[in-house]
1. How many times 2.2 N^0.38 Å is the alpha carbon radius of gyration of the stretch 31-110?
2. If amide hydrogens are placed 1.01 Å from N in the peptide plane, which non-local residues have theirs closer than 5 Å to the one on T136?
3. Roughly to the nearest percent, how much of the accessible area of the chain is carbon and sulfur, given a 1.4 Å probe?
4. Going by alpha carbons, how many degrees (0 to 90, nearest 10) lie between the helix axis of 47-62 and the longest principal axis of the chain?
5. Quick check: the distance between the Cα centres of the stretch 134-154 and the stretch 2-76, to the nearest angstrom?
6. Which aspartates and glutamates have a Cα less than 18 Å from the Cα of K108, not counting those fewer than 8 places away in the same chain?
7. Taking just the alpha-carbon atoms of the stretch 99-174, what radius of gyration and Dmax come out, in angstrom?
8. With a cut-off of 8 Å between alpha carbons and a minimum separation of six or more residues, what is the relative contact order of the stretch 7-188 in percent?
Amino acid sequence: MTPGKRLVFVTGNANKLKEVKQILSEGGHPIEIDSRSLDIPEIQGTTIEVASDKCKRAAELIGGPCITEDTALCYVALKGLPGPYIKHFMTELGHEGLNALLVGFPTKAAEAVCTFAYSAGPGTEPIIFEGRTDGTIVPPRGPKIFGWDAIFEPLGTGQTYAEMPSDQKNKMSHRYKALDKLRTYLQSLPAS
């Protein structure tokens, strides 16, 4: 990334934007980002396929470098579903419905997956950065303001993402793990 040039994060989600800005601004070489909300239809597929396709389309629309993000919540009992379709499941079922999906199953184990894709610009193949956090689906606890944070309890924490202060969540979440890889990559690029 060229010094002083800001990277475009394609999102319409204010909570994601705030979290990404906080995480990427840390460290000795903060990465400045702007955001744009674009209506990009998502293909069906794996988290990597969805993120890669979305990033290619965004780079074409923006005409320059950008990052996109795709988040998945994968239930072990449901063999990885709802996965990348969690946004639609959350909208239709809510926190209680997401819990009800696991009634009768022997495990409430889940994995939160965040996939960032970076494109250097139109016509370039996106580079994928993925972060994963194991956890458990629990009845909602904490503020219900950011997606499914209130029902996901990372292993060994005793708290849902929603119950954690943002600085604690931002140091261990699936999003942090993916962004940490992305930041390392971006900071390794030669200034041009």
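1. On the way: Rg = 15.6 Å, N = 80, 2.2 N^0.38 = 11.6 Å.
With N residues counted in the stretch 31-110, Rg over 2.2 N^0.38 Å equals 1.34.
2. When sequence neighbours closer than 5 places are left aside, the close amide H contacts are A110, E153, L155.
3. On the way: 5120 of 9320 Å².
Of the solvent-accessible surface of the chain, carbon and sulfur hold 55 percent.
4. On a 0 to 90 degree scale, this one is about 40.
5. About 23 Å separates the Cα centre of the stretch 134-154 from the one of the stretch 2-76.
6. Partners within reach: E96, D134, D149, E153.
7. Expressed in Å, the Cα Rg and Dmax of the stretch 99-174 come to 15.2, 47.
8. 20 percent
The values are calculated or read from the model by the stated rules, or taken from the named source; none is laboratory data. The shown structure was predicted, so the numbers you read here are calculated from the model rather than taken from an experiment. Quick reminder, even Gly has a Cβ in these numbers, built from the backbone with ideal geometry, and neighbours come from all protein chains shown. With ligands, DNA and RNA removed, areas are computed over all heavy atoms of the protein, side chains included. Shrake-Rupley method; radii C 1.70, N 1.55, O 1.52, S 1.80 Å.
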